[in-house]
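This report refers to the structure that appears directly beneath it.
The values are calculated or read from the model by the stated rules, or taken from the named source; none is laboratory data. Everything numeric in this text was worked out from a predicted model, so none of it was measured. Counting neighbours? That spans all protein chains shown, and the Cβs are built from the backbone with ideal geometry, glycine included.
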């Protein structure tokens, strides 16, 4: 393996205030597990945990957790001919995500 690809990350040149927001949405994709992405980024292992990795580089990070998203298993099955299945639910999740992005709730938000 190339040693330059596995070296320890160096500290950032400037500290950033970062708020993480997960959006576990699988409504636009027919592949199981797509909605598990945010959970994978929060894996407890330091090498795979995004917040811990960013903090180790000197950034201020707050995890605002996940947007409340309707789960496919709890929704009515759409008509197979519907090209825009789950569209209202996807729009709803997008509006909730936009609201979380627009309102800084990070402890360090006073510096934004």
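Among the conditions (1) closer than 22 Å to residue 68 by Cα; (2) under 16 Å from the mean Cα position of the chain (by Cα), the only one that residue 48 does not satisfy is (1). Summed over region 1-47, residues that are in a helix (DSSP H, G or I) and either at pLDDT 85 or above or more than 28 Å from residue 102 (Cα to Cα) (or both) total 10.
With respect to the conditions (1) in contact with a strand residue (DSSP E or B) (Cβ under 9 Å, 6 or more places away or on another chain); (2) free of Cβ contacts under 8 Å to residues at least 40 places away in the same chain, residue 100 falls short on a single one, namely (2).
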